[in-house]
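The values are calculated or read from the model by the stated rules, or taken from the named source; none is laboratory data. Model, not experiment: these values are computed from the prediction. Neighbour counts are summed over all protein chains in view; Cβ atoms, including those assigned to glycine, are modelled from backbone coordinates with ideal geometry.
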Amino acid sequence: MKDKNRIDSQISKLEEKYKDSGQDVNSYLDGLLHQRYLTYWDYIQLDTLLSLQVPRTYFPDEEIFIMYHQITELFFKLILHEQKQLVDDKSQNIDFFIEKARRINSYFETLISSFSIMIKGMEREQFLKFRMALLPASGFQSAQYRMIEIYSAPLEYLVHHTERDQFSGEDAIEDLYEHIYWKKGATDVDTGEKTLTLKQFEYRYTPRLVRIANQVKNATIYDKYLQLPEDKKNNKDLIKALKTLDMNANINWPLMHMGSAHRYLGKESGEIEATGGTNWKTYLPPSFQKVVFFPSIYTKEELNSWGKQWVDHIFNPDKLKK
């Protein structure tokens, strides 16, 4: 009897749910009778997932290279999942803000700690050969990472540091986007000519990135922080979470790539060009880019020394293991 009463109660709740949306619960119950049991492999689309690694060469380590980049993009999607909730939130609930920042940091930290797969997990000789079959594709072309940056801070903070003083939040998003810092990393210094890698990326993603930047204008994570009441803005846990996010995204993550670039592309007689022709020596070092998402939470000294840790990583490579 107890079980029957519970079932009757659940059916009544279902009837109310579907009635509110103008649906007939009986139709859904009929569908349930014919529905297959769900399996783990169907739910996560396992067979499809495991079929997405398609090497372009016969070198075994290329499959590692593909899978790690796919894993990275999935973590970027998790970060964006949390960022979008923060951007859409109107409550100014400090606990919600801290929790979302904490989750974003946990995703970044997982990526950072796992990057030894890229630094130590492939044979250098294999990498230098199979990479030539990937031209002009490059990790530079990760649109999701650009979205993470755009959700984090107003576009004027992402303008290349040599031009940043010329712009403000009053400038049009389209103008700011043309001077975004990472474009210089795929532009020939002598001729000013864009690499094919950059041309491909701009053709595919510029409309989407500009649209997102316009959508989050005055509503980025940094804007959300600045809009908080003073007592919430000074919350120690929030400040710590935002500083950690800044360090993870703009110092620690690029440093991992610096380590990988030196491992595979550095050589005594000079440096090998990165895939796609990106200038990794000037593009990757955090102290060269000086990208800071949340500048007002730092002292002047902290901003002046931003990203200097990369020197230690280059001259003390053992630190990359930590």
How do the pairs read when you match residues in the stretch 224-237 that are assigned by TED's automatic domain parsing to the domain that holds residue 90 with residues anywhere that are basic (Lys, Arg) and assigned to a helix (DSSP H, G or I), using Cβ under 7 Å and keeping only pairs 6 or more apart or on different chains? 225/233
Looking at the structure I just gave you, is residue 191 more than 20 Å from residue 154 (Cα to Cα) and in the same structural domain as residue 147 (by TED's automatic domain parsing)? yes
Quick check on this structure: which one of 213, 153 is over 15 Å from residue 291 (Cα atoms), buried (at least 17 other Cβ atoms within 10 Å of the Cβ) and either under 18 Å from the mean Cα position of the chain (by Cα) or touching a residue at least 12 places away in the same chain (Cβ under 8 Å) (or both)? 213
Exception for residue 251 within (1) in contact with a Pro (Cβ under 9 Å, 6 or more places away or on another chain); (2) aliphatic (A, V, I, L, M); (3) at pLDDT below 75; (4) within 21 Å of residue 160 (Cα to Cα) falls at (3)
Going by the structure shown, is residue 265 at pLDDT below 85, touching a His at 6+ places or on another chain (Cβ under 8 Å) and either among the acidic types (Asp, Glu) or in the same structural domain as residue 103 (by TED's automatic domain parsing) (or both)? no
Considering only helices (runs of 4 or more DSSP H) wholly within the stretch 162-267, the ones with at least 1 residues that are more than 20 Å from residue 144 (Cα to Cα) are 173-178, 221-226, 230-233, 236-247, 253-265
